[in-house]
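Visitor: One structure is given below, represented as structure tokens, and several questions about it will come after.
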Amino acid sequence: MSIQTLVEKIKEKGNPTVAGLDARLEYIPQHISGRNMMLHGETLRAAAESVVAFNCGLIDALCDIVPAVKPQAAYYELLGSYGAMALKETIDYAHAKGMYVIGDIKRNDIGATATAYAEAYLGKTRVGDTEIAPYGCDSVTVNGYLGTDGVEPFLKECRSREKSLFMLVKTSNPSSGELQNRDMEGKPLYARMAEMVAKWGEGLDTPCGYNQIGAVVGATYPEEQKIIRELLPKSYFLVPGYGAQGATAKDIANAFNDDGLGAIVNSSRGIMCAWKKTGNNGEDYKEAARAEAIRMRDDIVNAIK
Ligand SMILES: O=C(O)c1cc(=O)[nH]c(=O)n1[C@@H]1O[C@H](COP(=O)(O)O)[C@@H](O)[C@H]1O
């Protein structure tokens with residue numbers, strides 16, 4: 001689905017946030033993981049089945065109020081081949097519930113290999129005369145560090161299948177400035193990357209006024225958000241770092257345009273692990289996640305008014 005669809009879902013729900021689905025086993029209530037370990041033993045299969053059950057429960061609790069989910073591939077790779085199945089089942093369930101899926105893969109490589117990544121997560125694999133979507137994400141995060149020929153295969157999927165990208169520009173982590181804020185011919189590297197993101201977005205406009213090539217801009221960096229917002233007026237921003245990484249609603253206002261659009265703020269652990277604050281050993285994890293998603297929505301909406 002195009003960025004146009006994401007914007008429509010954000011408007012429809014009045015909620016510019018995305019729920020991250022980064023389930024480690026310790027984030028999952030005992031009544032789910034224990035049942036699966038009874039069935040399958042202490043195995044990767046038990047862990048993967050627990051992740052799917054947990055994710056589907058979260059999606060059920062959130063799908064009418066949150067426009068999108070963002071599974072981070074690493075947490076599924078932790079589970080080997082069972083993790084790949086868990087990721088696919090999660091994506092399919094989110095789509096069935098009308099949610100936009102941002103595959104957080106942060107991949108890149110030489111063109112031939114980047115083509116495999118793009119086909120795997122956004123496009124389709126050809127088997128004989130049949131084309132099959134291994135994952136079918138609507139959007140993926142991409143690392144543009146290898147330059148245009150490494151990004152081109154992902155752009156191709158955006159052109160042919162109305163998919164979108166979020167390019168890493170200013171990441172939320174404490175060390176991001178070691179390189180991203182280094183001077184590169186008079187501008188910081190993140191600004192140079194933003195210029196490349198603008199170039200990659202040319203010709204990929206959508207009716208909502210934003211193009212298919214977005215940017216990842218950390219909630220933890222309000223000043224850089226302001227600079228990048230001016231450099232990329234037509235790019236949607238994926239803004240991670242709210243909640244568990246310490247950023248608050250006052251930190252994210254600069255990522256948005258005056259019309260309250262232009263950015264979507266992520267929370268993964270904050271929503272997934274909300275149940276750990278209720279003291280009910282997770283029986284109420286869906287209600288806790290929903291309450292946190294509503295609190296976050298109202299927090300963000302109030303901050304960008
Ligand atoms: O691409 C991302 O989503 C991402 C970029 C970034 O700069 N910082 C960042 O935290 N993320 C991801 O956003 C999520 C943040 O998770 P929480 O800190 O638990 O909300 C994780 O899946 C990270 O991999």
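The values are calculated or read from the model by the stated rules, or taken from the named source; none is laboratory data. Quick caveat: nothing in here was measured; it's all calculated off a predicted structure. Cβ coordinates were reconstructed from backbone atoms using ideal geometry, including for glycine residues, and neighbour counts include every protein chain displayed. Surface accessibility is based on the protein's heavy atoms, side chains included, excluding ligands, DNA and RNA. Shrake-Rupley method; radii C 1.70, N 1.55, O 1.52, S 1.80 Å.
Visitor: Within the range 105-132, how many residues are touching a Phe, Trp or Tyr at 6+ places or on another chain (Cβ under 8 Å), of a type in the set (Ser, Thr, Tyr) and under 18 Å from Thr148 (Cβ atoms)?
Guide: Selection size over the range 105-132: 1.
Visitor: Taking the range 245-260, which residues are part of a loop (DSSP other than H, G, I, E, B) and open to solvent by less than 30 Å² (accessible area, probe 1.4 Å)?
Guide: Within the range 245-260, Ile252, Phe256, Gly260 meet the criteria.
Visitor: Show me the helices (runs of 4 or more DSSP H) found entirely inside the range 136-244 where at least 1 residues are open to solvent by 10 Å² or more (accessible area, probe 1.4 Å), hydrophobic (A, V, I, L, M, F, W, C) and over 19 Å from Tyr100 (Cβ atoms).
Guide: Those helices (runs of 4 or more DSSP H) span 177-180, 189-201, 222-231.
Visitor: Okay, moving on. Quick check on my filter: what residues within the range 263-286 are part of a loop (DSSP other than H, G, I, E, B) and under 14 Å from the mean Cα position of the chain (by Cα)?
Guide: Ser268 - this is the single residue of the range 263-286 that is part of a loop (DSSP other than H, G, I, E, B) and under 14 Å from the mean Cα position of the chain (by Cα).
Visitor: Which residues, counting only those in the range 65-106, are under 26 Å from Pro16 (Cβ atoms) and among the acidic types (Asp, Glu)?
Guide: Within the range 65-106, Asp92, Asp104 qualify.
Visitor: Among the listed residues Asn181, Asn173, which satisfies the condition of being within 14 Å of the ligand (Cβ to nearest atom), closer than 30 Å to Val51 by Cβ and out of contact with any Ser or Thr (no Cβ under 7 Å at 6 or more places or on another chain)?
Guide: Testing whether each residue is within 14 Å of the ligand (Cβ to nearest atom), closer than 30 Å to Val51 by Cβ and out of contact with any Ser or Thr (no Cβ under 7 Å at 6 or more places or on another chain) leaves just Asn173.
Visitor: Which one of the conditions (1) more than 11 Å from the ligand (Cβ to nearest atom); (2) within 22 Å of Val66 (Cα to Cα) does Val217 fail to meet, given that it meets all the rest?
Guide: Val217 satisfies every listed condition except (1).
Visitor: Still on this model: Show me the helices (runs of 4 or more DSSP H) found entirely inside the range 10-80 where at least 3 residues are farther than 23 Å from Ala219 by Cβ and in contact (Cβ under 8 Å) with a residue 60 or more places away in the chain.
Guide: Qualifying helices (runs of 4 or more DSSP H): 30-40, 44-62.
Visitor: Within the range 261-282, does at least one residue satisfy the condition of being among the hydrophobic types (A, V, I, L, M, F, W, C), touching a residue at least 12 places away in the same chain (Cβ under 8 Å), open to solvent by 40 Å² or more (accessible area, probe 1.4 Å) and out of contact with any Lys or Arg (no Cβ under 9 Å at 6 or more places or on another chain)?
Guide: no
Visitor: Another question, if that's okay. I need the full set of residues from the range 95-114 which are assigned to a helix (DSSP H, G or I) and without any contact (Cβ under 8 Å) to a residue 40 or more places away in the chain, in order please.
Guide: Hits for the range 95-114 are Ala96, Ala112, Thr113.
Visitor: Just to be sure before I move on: is Ile294 farther than 21 Å from Gln4 by Cα, more than 14 Å from the ligand (Cβ to nearest atom), without any contact (Cβ under 8 Å) to a residue 40 or more places away in the chain and in a helix (DSSP H, G or I) in the structure I sent?
Guide: no
Visitor: If you don't mind, another one. Going by what's in this entry, would Ile65 be described as closer than 20 Å to Lys277 by Cα and surrounded by fewer than 24 Cβ atoms within 10 Å (Cβ to Cβ)?
Guide: Considered against the rule, which asks whether it is closer than 20 Å to Lys277 by Cα and surrounded by fewer than 24 Cβ atoms within 10 Å (Cβ to Cβ), Ile65 comes out as no.
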